[in-house]
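A short write-up of the structure that comes next.
No lab work stands behind these numbers, since they all come straight from the coordinates. Keep in mind it's a predicted model, so treat the numbers as computed, not measured. Note that each Cβ is placed from the backbone with ideal geometry, even for glycine, and that neighbours are counted across all protein chains shown.
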There are 2 protein chains.
Amino acid sequence: MTKDQSPSRAGTRRTGARRQEPRLKQDRALRTRRAILKAAAEVFAQRDYPSVTILDIAEQAGVTKGAVYFHFANKEAVAVAVAEQFYTVLLSSLRPVLDTDAAPARKVVELLRRTARSFREDALIQAGSRLQIQQWAIESELPTPYVGFTEILTGLLTECRDGGALPDGSDPEALARVLRSALFGAQHISGVQHGWSDIVERTEEIIQALPFLASAAEDRADSSLPPAQEAI
Amino acid sequence: MTKDQSPSRAGTRRTGARRQEPRLKQDRALRTRRAILKAAAEVFAQRDYPSVTILDIAEQAGVTKGAVYFHFANKEAVAVAVAEQFYTVLLSSLRPVLDTDAAPARKVVELLRRTARSFREDALIQAGSRLQIQQWAIESELPTPYVGFTEILTGLLTECRDGGALPDGSDPEALARVLRSALFGAQHISGVQHGWSDIVERTEEIIQALPFLASAAEDRADSSLPPAQEAI
């Protein structure tokens, strides 16, 4: 990203028509980079890391191998970029829910539902999850999304406890770890068995299994939530 | 196993001292095979499948490569045998709990606790879990322990529902899938982050998160359960 942005900053120092050309080049480079990352996510979502080649990614993106190598040093660099984008997109997709005035238990429900929809519909999220499981095959350390996710859940569940919405003696941190484990396990098994097609239903079962979430999920009067985004 | 058993059956047809020798040989072969499987489980629990060699397994077992090849055609055959033993041991370790007169919810609690202890203490269970995750690297299909595990849980949770121990409208099958996902996720994250050292605590959190299990876990009066086996 830094590499792609620097010509832009340099370009703004020039004036008139002369700065048009580098900006156009930069736009095209950015578009190509995005197309490569999107294609790489599609490939990594379907196949295991060791079997994927730069050529596979180039063909999926409709570009040359050279174009991929212009943006990424090697396959590992592509995987790291996909995993980082996965992390960013997953966590930032939760932001609109956190910014509402909904009750904290309802926010937890919405976070779980959004994440489940992302797993079902977004190759980037599927690829990120699959790459995580194959961390051993990748030398660079990938970001661990469940750490940030658990922190967000812990914050919301602490609000739930302080508002009296949790059963007596509940530990918000422990409950956050349980939800993280359940969602992680559900998406993994759903991914292996059904290509994530049933992850939304499996996640709804998790919500229904916890009485305080089940009753928050029933509360249809809560209109303070942003409209559901089918694809994030 | 079949291969090892057949000399025994043949041996019983002979009489006196002459049948002693093949039986001794067979005993030694069985002991060696067990030692190899135990060593292989230790290696597969610690390292990823593609990086393990037959020599690693032989050295861990204190035998020659030839001894390993006498019992197994290749590394894949060893991995399959470990995964099958994992499946058998995991499910059969639950049998004593199922055979008691404990309340079904209490049986669920005990199943989860026993499984968690197995993950913490038994290299075979750790290896089985780790090999499962790497199924893609292994041509033969490994047994999927969570299928049998989920069936057992569904049976017990159906008893819970019929006995009025579940919240109204609970679906035993759905609840079984939630417990399976939560336990699978917890053991995976615990394995990656802490070598399974905290899986017992993480599993206790799952039990505490579900009110009907938490209250069954509290019931200390239930003495119909077999004594806890620290190592299964």
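Shape annotation for the protein assembly as shown: C-alpha extents along the principal axes are 105, 56, 29 Å, from largest to smallest.
A Förster radius of 51 Å combined with the Cβ-Cβ distance from residue A:25 to residue B:24 puts the calculated FRET efficiency at roughly 0.05.
Enumerate by residue number the GluC sites (Glu not before Pro) in region A:42-105 meeting two conditions: DSSP loop (anything except H, G, I, E, B), and at most 12 other Cβ atoms within 10 Å of the site's Cβ. Here no GluC sites (Glu not before Pro) fit, given the DSSP loop and packing criteria.
Just to be sure I understand the model, the point goes 7 Å from the Cα along the line to the Cβ. What's the resulting residue A:162 to residue A:70 distance in nm? Once both label points are built, they end up 5.2 nm from each other.
Our coupling estimate for region A:171-183, obtained by passing each phi through the Karplus curve with A = 6.51, B = -1.76, C = 1.60 and θ = phi - 60°, is 10, x, 5, 5, 5, 5, 5, 5, 5, 4, 4, 5, 5 Hz, Gly and Pro reported as x. Electrostatic tally near residue A:206: other residues with Cβ closer than 12 Å to its Cβ, Lys and Arg +1, Asp and Glu -1, net +2.
Scaling the Cα radius of gyration of region A:69-197 by the globular reference 2.2 N^0.38 Å produces a ratio of 1.16. For residue A:148, the point set 7 Å out from Cα toward Cβ sits 4.0 nm from its twins in the other copies, listed from shortest up. Between residue A:215 and residue B:201, the FRET efficiency from the beta-carbon distance, with R0 = 25 Å, is close to 0.35. By the Kirkwood approach, averaging reciprocal distances over each pair of separate Cα atoms, region B:63-117 gets a hydrodynamic radius of 13.5 Å. The alpha carbon convex hull volume per residue for region A:49-144 rounds to 110 Å³. Counts of other chain beta carbons within 10 angstrom of each beta carbon in peptide A:202-211 average 5.
Calculated FRET efficiency, residue A:77 to residue A:151, Cβ-Cβ distance, R0 = 35 Å: about 0.80 to the nearest 0.05. When the P(r) of chain B is calculated, the portion above 21 Å amounts to 61% of the C-alpha pairs. So which trypsin sites (Lys or Arg not before Pro) in region B:17-68 end up in coil per DSSP with only 15 or fewer other C-beta atoms within 10 Å? The qualifying sites are B:47.
Between copies, the label points at residue B:96 (set 7 angstrom from Cα along Cα-to-Cβ) are spaced 5.4 nm, reported in nanometres from shortest to longest.
Full extension of the chain segment joining residue B:84 with residue B:34 gains 16.7 nm, where the gain is 0.36 nm per residue of separation less the Cα-Cα distance. Computed from Cα positions, the angle between helix B:145-162 and the longest principal axis of chain B comes to roughly 30 degrees. Here the mean projected area of the convex hull built on the C-alpha positions of region A:149-216 is 4.5 nm².
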